Structures are given as structure tokens and as C-alpha cells.
Amino acid sequence: MYIVSLTYTAPLESIDRLLEEHVQFLHEKYDAGVFIASGRKVPRTGGIILARGCDMKTLQQHLAEDPFHREQVATYEITEFAPTMTAAGFETLKE
């Protein structure tokens with residue numbers, strides 16, 4: 001499993017112009033079974049994506065399709081981890 005931390009490198013006006021296309025990108029990756037959760041950071045300086053079901057290289061290829069990546073308005077930090085404990089109801093996250 002991966003935690004992808006996006007950090008905006010452009011003003012929010014630039015982010016907002018790409019937001020609809022970014023959300024479509026997210027939907028495509030959810031439908032493909034790659035992304036399992038996502039959302040904005042608080043305060044709004046970027047976002048977080050939880051991903052699974054692929055290796056690091058494939059994940060990087062998926063992220064390269066993000067309009068935020070294409071337009072270079074965000075950076076991406078990827079952390080791989082192996083969940084071994086979860087709260088009730090989240091057992092499917094364990095590896």
C-alpha cells in the first residue's frame with residue numbers, strides 16, 4: 001500500500017482551474033482499483049491518496065497521468081507501507 005502526499009507548488013487559482021480534470025483522473029484510478037481513498041490536506045496545501053494493487057513503478061506511471069503532474073502544479077511524495085493492524089471494519093487493508 002502507498003501513501004501519496006501531494007504538495008501544491010502553484011497558487012490555488014492554478015489548482016482550481018485543473019480541479020475538475022484532476023477529479024476525473026481520480027475517478028478513473030478508483031474504477032481501475034488503484035486508489036482506495038483520497039482527500040485534501042487541511043489547510044489546503046495539497047492532498048493525500050491511498051493506493052494499492054500495483055508496484056511503485058506502475059503507481060508512478062499512474063500519477064504521471066494526473067493533470068496536476070502534467071501542469072507541474074504539485075509535487076508527489078510516495079511512502080510504501082505494509083498495514084498489519086487496523087480498526088474494526090478496515091481489515092481488508094491488511095496485507
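The values are calculated or read from the model by the stated rules, or taken from the named source; none is laboratory data. These numbers come from a predicted model, not from an experiment. Methodologically, a virtual Cβ is constructed for each residue, glycine included, from the backbone with ideal geometry; neighbour enumeration extends over all protein chains shown.
If you go through region 1-37 one residue at a time, how many are of a type in the set (A, V, I, L, M, F, W, C), outside any strand (DSSP E or B) and more than 13 Å from HIS62 (Cβ to Cβ)? Steps first, please.
First pass over region 1-37, keeping only residues of a type in the set (A, V, I, L, M, F, W, C): 1, 3-4, 6, 10, 12, 15, 18-19, 23, 25-26, 32, 34-37.
So of that shortlist, the ones also outside any strand (DSSP E or B) come out as 1, 10, 12, 15, 18-19, 23, 25-26, 32, 34.
The next check asks that each one be more than 13 Å from HIS62 (Cβ to Cβ); those that pass are 1, 10, 12, 15, 18-19, 23.
So the answer is 7.
Report, by residue number, each residue of region 59-92 that is outside any loop (DSSP other than H, G, I, E, B), more than 21 Å from ARG40 (Cβ to Cβ) and in contact (Cβ under 8 Å) with a residue 24 or more places away in the chain. Show your work before the answer.
Going through region 59-92, the residues outside any loop (DSSP other than H, G, I, E, B) turn out to be 59-63, 67-70, 74-80, 91-92.
After this cut, where a residue has to be more than 21 Å from ARG40 (Cβ to Cβ) as well, the list is 60-61, 80, 91-92.
Within region 59-92, GLU80 is the sole residue that qualifies.
Yes or no, residue by residue, for (1) free of Cβ contacts under 8 Å to residues at least 40 places away in the same chain; (2) of a type in the set (Lys, Arg); (3) surrounded by 17 or more Cβ atoms within 10 Å (Cβ to Cβ); (4) closer than 14 Å to GLU80 by Cα:
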site: THR9; (1), (2), (3), (4): no, no, no, no
site: ASP16; (1), (2), (3), (4): yes, no, no, no
site: GLU21; (1), (2), (3), (4): no, no, no, no
site: GLU28; (1), (2), (3), (4): yes, no, no, no
site: ALA37; (1), (2), (3), (4): yes, no, no, no
site: ILE48; (1), (2), (3), (4): no, no, no, yes
site: ALA51; (1), (2), (3), (4): no, no, yes, yes
Legend entry - Candidates THR92, THR58, THR45, THR84, filtered to the one that is in contact with an Asp or Glu (Cβ under 9 Å, 6 or more places away or on another chain) and hydroxyl-bearing (Ser, Thr, Tyr): THR84
Inset, instruction - Could you tell me whether THR75 is closer than 18 Å to GLU21 by Cα and not small (Gly, Ala, Ser)? - result: yes
Inset, instruction - State whether the residues of region 56-66 include one that is surrounded by 15 or more Cβ atoms within 10 Å (Cβ to Cβ), acidic (Asp, Glu), modelled with pLDDT of 95 or more and over 11 Å from the mean Cα position of the chain (by Cα). - result: no
